[in-house]
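In what follows, a single structure is set out as structure tokens and then discussed.
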Amino acid sequence: MRISLNWLKKYVKIPVSDEELIRLIGARLVEVEGVIDETTKYNNIYIVRVVIAEKIPETHLTLCQIDCGEKDLVQVVCGAPNVREGMLAVWIKPGAIVPASVQEDAPFVIGKRKMLGKYESNGMLAGADELDFGDDHSGIVEIDPEMARPGELLVDVFELSDKILEIENKSLTHRPDCFGLVGFAREVAGILGEKFEVNFVRSSRRAGRISQSLTGPAPGTVRYSARETFRDSRGLAQGSRNLLQISIDNSVCSRYTAVVLEKHGEIRKKYLTWQDTILAKSGMRPIDPIVDATNYLMLLTGQPLHAFDYDKFVAVGGSAKPTIKVRLAKDGEKLVLLDGKEALLNENDIVICSGDVPVALAGAMGGESTMIDENTRNIILESATFSLYNLRKTQMAHGIFSEAITRFTKGQPPYQTLTVAEECAEMLSDGFKVVDVVDQRSSAGRRLENENSFSFCSSPTAVKITTDEINGLLGTEYNESLITKTLENVGFEIKRKRGELEILAPEWRTDIHIKEDIIEEVGRLLGYDNIEPTLPKHGTAEKNKMFGLKLAVREAMKEFGANEVLTYSFVSGRLLDKAGLDKKNSYKIVNSISPELQYVRQSIVPSLLEKAYVNQKIPFDKFALYEMNKVYRKDLGFNDEQVPVERMQMGFVVAERKGVGTAYYKAKYYVSKLLAEFNIEPEFLPIKSKAPMNLPFEDKRAAEIWVSGQCIGVVGEFKNSVRRNFKLAEYLAGFEIDLDLVSELATTKKIESDFEVREKIDETVTTKETYAETLAKILKKYPGAKITPVGIYQPEGVETKNITFHIEK
């Protein structure tokens, strides 16, 4: 995601330098991956008037004389078909760099040259593609004469001296509100300690402009009619109402707002606009006025929009009363998308239908059958929210990673769908008028009686908390006034009741549920870096037996020559099948990060076998791998908190390309030696159960490990089918043991662990003093501490040096 600092500054008063602002954003909101400096990108580029435009015979070229604000006219040869006398254009002066080439290894510098051997051309009149405002190469850019005068710098007229922040999306996954400029600006205001006053996107608790003038909700649907005449290409009767119906199946769509617009004038795009430059800075390309309006508002508010051609939509459905139907796709349905590609749909996809005919892949891409074109007379503006879980699957299945689906997969809240649709209708009001508005909730939403009671999202929960609880967890001494102001700056509502703060999160904050969420919010906005580090007020921490056990296991396995690995806890169904495990006993992840990581593993060994194949392929002739990690199985059930029971297990695999003897005995040797470290004497008994841990092993060449009447694991060689599935050599064996049981049975002090609380800090001093003088000051500052010099650095030509000390108190 890209954020223009110039655009941001239109919504927030920023009293700090750009560098400090970027640091604060990185420390308190989101990681800034990079900064694109465009402060010099548009240097020496001017607005000019074409005074004379004469066609050069037998060519497509035009000889132009331009007014650039100086006394004399300048001659330029232009090949664009739309150049004409009197227009305002953009001139790249000789010696200037073409903006579109700025990031290239060899930027293109415009100069003077002769065309056709006799016509001198000084610089060039630029098109949108050369100015890096899209890929339109059909003509030169035209400037609105009401915006500028000849001789003005393009950079000043369109505020192009800018810095673009490249934001790391993943760290904002839980904050869909920040995927719009307004939400991002609100957070920046909060970080700077300022109240965010912009109310562009009004709360759904209040009425919007369209809805204030329109009436008539029906049960389950909020409907408005513009009370205006509507005549379309099929000759609908004058005064028509109910031009559109909406039907939502299941709970895949929490709210769907549709606005029908009728064309009443021209909205032809003629001039370069500030909106075009914002789209380009944000990584999008201007297309046409309708699409540009939807994209601009998505970037501004975070709410994606889509426009359908109304008449095409009606024709596809074949009904006089068109109905938008939102439903899950059927396996095998096909849909041709806007990019011309045919998508084979599956049951996880959500589709928008005209009647029952799919016309769009919801949240991802519109369909070719209802696309906007130059003949479009009437449009449907869609503003909706869809299931983020379904759209994540759609994203992966169809490889669609558009700006819209990126926002939908973060869980866009439904509170602003109508308001943003209203704003889009207003942006298009020069060419279109509103004739119908329908706002539909799913059955999962709350029933509405009138527009003034809009609230399609669940009621926000009031979190009750005290200032002592906030300060106690953060280690701060913030007063109630500061805490209240900090939260109210970003939209929280706060009431004081019986010595507590009752805090109500705004509708766009879907991530606030418990006290810790509020505490985190206070700490983040006020800056974790402003909290003075102090040691916990306790001595030795409680002993962690499992931690000590794992340390002891590592020491033992290191002596045995085994290598520890760390693999994903999420695995593919294919891996479970290869190991002979039952997928039905594994928990399947609803919103998996990859199609290859859909299950939570129930055993460690399959992951080790997968890594064993990689190591044999390199090739390593012999090796031993082990891993200690948690596993989850459905047969273990749930704990008291109703979450799946987890067990800590250790898996081990030994493999040799040219092994001699029986591999079982080598694995048995390893596990026997390991358990002996903890004074555990195991029995090795024939396998009798079908426990999940046993399934990859060959019953006749493996044994269960028993201690004090309970089975703690299994050791042996793997089934031939498993070995072949993983393409491994014949000399292969391993074991898997339950470390929770081992921890209970161990009697050695090796697994006891003590934690000593000590403060360790590094301090760097920039000084002109000698090292001895600086050390003396550090010793005085930290009496009784253990001080170790780390390094001294003095750049060439600089009088001061940096001296770093490591201090333990």
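For Ala729, the criteria (1) over 27 Å from Pro619 (Cα atoms); (2) part of a loop (DSSP other than H, G, I, E, B) hold in every case but one, which is (1).
Taking residues in region 659-677 that are open to solvent by 60 Å² or more (accessible area, probe 1.4 Å), and partners anywhere that are part of a helix (DSSP H, G or I) and at pLDDT below 95, the pairs with Cβ atoms closer than 7 Å and at least 6 places apart or on different chains are Lys673/Phe560. Based on this model, can you work out whether Ser138 counts as open to solvent by less than 60 Å² (accessible area, probe 1.4 Å), in contact with a strand residue (DSSP E or B) (Cβ under 9 Å, 6 or more places away or on another chain) and in the same structural domain as Val76 (by TED's automatic domain parsing)? Spelling it out, it is not the case that Ser138 is open to solvent by less than 60 Å² (accessible area, probe 1.4 Å), in contact with a strand residue (DSSP E or B) (Cβ under 9 Å, 6 or more places away or on another chain) and in the same structural domain as Val76 (by TED's automatic domain parsing).
Results for (1) in contact with a helix residue (DSSP H, G or I) (Cβ under 8 Å, 6 or more places away or on another chain); (2) closer than 30 Å to Val660 by Cα; (3) at pLDDT below 95, shown as yes or no for each residue.
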site: Glu559; (1), (2), (3): no, yes, yes
site: Val565; (1), (2), (3): yes, yes, no
site: Ser569; (1), (2), (3): no, no, yes
site: Gln598; (1), (2), (3): yes, no, yes
site: Pro606; (1), (2), (3): yes, yes, no
site: Pro619; (1), (2), (3): no, yes, yes
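Just wondering, is there one or more residues in region 606-625 that are assigned to a loop (DSSP other than H, G, I, E, B), out of contact with any Leu (no Cβ under 7 Å at 6 or more places or on another chain) and open to solvent by less than 10 Å² (accessible area, probe 1.4 Å)? No, region 606-625 contains no residue that is assigned to a loop (DSSP other than H, G, I, E, B), out of contact with any Leu (no Cβ under 7 Å at 6 or more places or on another chain) and open to solvent by less than 10 Å² (accessible area, probe 1.4 Å). When region 367-389 is filtered for residues that are in contact with a strand residue (DSSP E or B) (Cβ under 8 Å, 6 or more places away or on another chain) and closer than 19 Å to Gly302 by Cβ, the ones remaining, listed by number, are Leu381, Glu382, Ser383, Ala384, Thr385, Phe386, Ser387. Take the conditions (1) crowded, with 24+ Cβ neighbours inside 10 Å; (2) polar (S, T, N, Q); (3) out of contact with any Pro (no Cβ under 9 Å at 6 or more places or on another chain); Thr385 misses just one of them, which is (3). Go through the residues of region 149-167 one by one and say whether even a single one is more than 30 Å from Phe386 (Cα to Cα) and without any contact (Cβ under 8 Å) to a residue 60 or more places away in the chain. Taking every residue of region 149-167 in turn, at least one turns out to be more than 30 Å from Phe386 (Cα to Cα) and without any contact (Cβ under 8 Å) to a residue 60 or more places away in the chain. Taking Asn346, is it among the polar types (S, T, N, Q), in contact (Cβ under 8 Å) with a residue 40 or more places away in the chain and more than 29 Å from His264 (Cα to Cα)? In short, yes.
In summary, strands (runs of 3 or more DSSP E) completely within region 84-135 and bearing 2 or more residues that are under 25 Å from Leu73 (Cβ atoms), touching a Leu at 6+ places or on another chain (Cβ under 8 Å) and at pLDDT 95 or above occur at 88-92. Glu159 meets each of the listed conditions (1) assigned to a loop (DSSP other than H, G, I, E, B); (2) open to solvent by 30 Å² or more (accessible area, probe 1.4 Å); (3) in contact with a strand residue (DSSP E or B) (Cβ under 8 Å, 6 or more places away or on another chain) apart from (3).
For region 70-85, filtered to residues that are more than 14 Å from Gly127 (Cβ to Cβ) and open to solvent by less than 40 Å² (accessible area, probe 1.4 Å), the residue that is farthest from the chain's Cα centre (by Cα) is Val74.
Within region 394-415, is even one residue over 30 Å from the mean Cα position of the chain (by Cα), at pLDDT below 95 and open to solvent by 10 Å² or more (accessible area, probe 1.4 Å)?
Just the residues of region 394-415 that are over 30 Å from the mean Cα position of the chain (by Cα), to begin with: none.
Scanning region 394-415 turns up no residue that is over 30 Å from the mean Cα position of the chain (by Cα), at pLDDT below 95 and open to solvent by 10 Å² or more (accessible area, probe 1.4 Å).
Scanning region 17-38 for residues that are out of contact with any Gly (no Cβ under 7 Å at 6 or more places or on another chain), open to solvent by 50 Å² or more (accessible area, probe 1.4 Å) and outside any strand (DSSP E or B) gives Ser17, Glu19, Glu20, Arg23, Glu31.
Within the option set Glu477, Glu521, Glu469, Glu502, being open to solvent by 30 Å² or more (accessible area, probe 1.4 Å), in a helix (DSSP H, G or I) and not assigned by TED's automatic domain parsing to the domain that holds Met648 holds for one residue only, Glu469. Number of residues in region 704-715 that are in contact with a Lys or Arg (Cβ under 9 Å, 6 or more places away or on another chain) and surrounded by fewer than 24 Cβ atoms within 10 Å (Cβ to Cβ): the value is 1.
The values are calculated or read from the model by the stated rules, or taken from the named source; none is laboratory data. Only a predicted model underlies this, so the values are computations on that prediction, with no experimental measurement involved. No Cβ is skipped: glycine too gets one built from the backbone with ideal geometry, and neighbour counts run over all protein chains shown. Quick note on the areas: whole protein, heavy atoms, side chains included, nothing else; ligands and nucleic acids left out. Shrake-Rupley method; radii C 1.70, N 1.55, O 1.52, S 1.80 Å.
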